[in-house]
1. Can you report the number of residues in segment B:213-240 which are more than 13 Å from DNA strand D (Cβ to nearest atom), surrounded by 14 or more Cβ atoms within 10 Å (Cβ to Cβ) and either modelled with pLDDT under 90 or not in a strand (DSSP E or B) (or both)?
2. Residues that are closer than 22 Å to A:T137 by Cα and not polar (S, T, N, Q): does segment A:39-47 have at least one?
3. What residue, of B:M123, B:M81, B:M111, B:M74, is crowded, with 19+ Cβ neighbours inside 10 Å and over 23 Å from B:R26 (Cα atoms)?
4. Kindly list, by first and then second residue, each pair from a residue in segment A:226-248 that is away from chain B (no Cβ under 14 Å) to a residue that is at pLDDT 90 or above and assigned to a loop (DSSP other than H, G, I, E, B), limited to pairs with Cβ atoms under 7 Å and residues at least 6 apart or on different chains.
5. Taking segment B:76-98, which residues are outside any loop (DSSP other than H, G, I, E, B) and facing another protein chain (nearest Cβ under 10 Å)?
6. So which residues in segment B:197-219 are within 11 Å of DNA strand C (Cβ to nearest atom) and of a type in the set (D, E, K, R)?
7. Any residue in segment B:110-139 that is away from chain A (no Cβ under 11 Å) sitting within a Cβ distance under 8 Å of a residue that is part of a helix (DSSP H, G or I) and buried (at least 20 other Cβ atoms within 10 Å of the Cβ)? List the pairs, counting only those 6 or more apart or interchain.
8. What number of residues in segment A:71-98 are under 21 Å from A:G130 (Cα atoms) and at pLDDT 95 or above?
Protein chains: 2
Amino acid sequence: MAMLDTPTFSHACGDCPIRYRAVCARCEGDELERLEQIKYYRSYQAGQTVIWSGDRMDFVASVVSGVATLSQTMEDGRRQMVGLLLPSDFVGRPGRDSVAYDVTATTDLVMCCFRKKPFEDMMLSTPHVGQRLLEMTLDELDSAREWMLLLGRKTAREKIASLLSIIARRDASLALKQGSKRLVFDLPLTREEMADYLGLTLETVSRQISALRKDKVISLEGKRHVTIEDFDALQEAAGDDSDGGMLS
Amino acid sequence: MAMLDTPTFSHACGDCPIRYRAVCARCEGDELERLEQIKYYRSYQAGQTVIWSGDRMDFVASVVSGVATLSQTMEDGRRQMVGLLLPSDFVGRPGRDSVAYDVTATTDLVMCCFRKKPFEDMMLSTPHVGQRLLEMTLDELDSAREWMLLLGRKTAREKIASLLSIIARRDASLALKQGSKRLVFDLPLTREEMADYLGLTLETVSRQISALRKDKVISLEGKRHVTIEDFDALQEAAGDDSDGGMLS
DNA sequence: TGAAAACCTTGACACAGATCAAATCGGAAA
DNA sequence: TTTCCGATTTGATCTGTGTCAAGGTTTTCA
């Protein structure tokens, strides 16, 4: 029977932008105080751009609530999303002035920010923060590489199933329904955003969602509220290794 | 007129796996000695697999000569390359036991390796090494994201042009021919490997290379030896921002 | 040097997903 | 509640790239 990766992390520990409790727990007294002193919050409305590609980015940040996307756009308007930021995710480039992608809020968004200079100073003096940041960046690189497999080799149906599976696994608001395999969540993306994420058109996204619904793998209430009727079947449709993301 | 990013880095500095001289230069006396003590070399023949996805990887390494690829494969055999390692590139995951992709030598390959444990110890005690590693990882993440744009949104012709442009810019053996815009290099990949990199079939790769040749953007001697006849036209065909990768 | 094995090119055709074009739905504002 | 407008679905058709197939070319190794 399928079990999910339970999200054991959250935005916590005095809003330290380092994801896992296990690591935040290592931030103590002095360090936490310093983080408190340099942190501030920013809010964005759904649709607002947080920062444009090429702009100077003088802070690093952790998503507190809401969803943001990273995207790149070609001259003629073709767009590809290259990252999805959910609560507790980190964004920013210690050691670099500007970013190479647009960051956009797709829902109302609250981020916990740290000005870069003091954050970098802190990284230098507290090795485990830099350490953890390196691990997180390597994890992100792994996700990016998995996404490359999706973009280069998966069919439209597999792409949709993969995206639903990933959101379902990461979405903290997901609730297990009675029985076993059913999961419920709200899509934080429009069809067009999903298309830009998957390298498809919005029409193809719509058609494949309809197909998954017809096949009883998922069901919808309204356009955004999704129930995964059979998580195993969804994984199957995603073309992932059969035991990917499951425990026991 | 087009100028290339001149590769100002190289595998140097006592084989320190940190890429740029500017940083290696900060490795001194004691540190260099420790690196010397834990380093060793490994050679692989063209086609040999360095490590399989899921295997334990107890070392980190820097490519001294030759070319390696990182790739992921689906159960039914569909393959996607997710990384290209050229001389001076780094591979390995401090803080993780295993890798999520196959590493394969596509030419004869020499790597300078460091056992992971002592390397990690050194990272802890010399902050600038971890620092630099984080920067390199972030750079790699940026490349991965650019590649996602390529995989998701570019046409076959744009994909081929992008790959040629990237190899030309990074290949240390490239030689400027008389005049201005011509560049010469040897492809380190077969048509099939290029296809796996670009999310295409080898037939499409072959056809698009023929098309670029017919359009006088490139010319070939044999199958591997490429002359870029007009770098600007190649960039144009790649669909990149018109000033990407150029100076002045 | 010759023969086999890779590797590559080209052609004909098929098909998944793109494009163009209408509906239809659903949430927000009045 | 009604109206409106953006978001979504669905249909018809087109096209870029995949698939299958047949030669051709380069490299390797005896």
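The values are calculated or read from the model by the stated rules, or taken from the named source; none is laboratory data. Not measured: the values here are computed from a predicted model. Note that we place each Cβ from the backbone using ideal geometry, even for glycine, and neighbour counts take in every protein chain shown.
1. Matching residues across segment B:213-240 total 12.
2. As a first pass, look at segment A:39-47 and keep what is closer than 22 Å to A:T137 by Cα: A:39.
Remaining after also requiring not polar (S, T, N, Q): A:39.
Within segment A:39-47, one or more residues are closer than 22 Å to A:T137 by Cα and not polar (S, T, N, Q).
3. On the way: B:M123 fails: over 23 Å from B:R26 (Cα atoms); B:M111 fails: over 23 Å from B:R26 (Cα atoms); B:M74 fails: crowded, with 19+ Cβ neighbours inside 10 Å.
Residue meeting the stated conditions: B:M81.
4. A:V226/A:L187; A:E229/A:K216; A:E229/A:V217; A:D230/A:V217; A:A233/A:V217; A:L234/A:V217
5. From segment B:76-98, those outside any loop (DSSP other than H, G, I, E, B) are B:79-85, B:90-91, B:98; that's our starting set.
Hits for segment B:76-98 are B:R79, B:Q80, B:M81, B:V82, B:G83.
6. Within segment B:197-219, B:E203, B:R207, B:R213, B:K214 meet the criteria.
7. Note: pairs meeting the criteria are B:F114/B:L35; B:M122/B:L35; B:M122/B:V129.
8. 0
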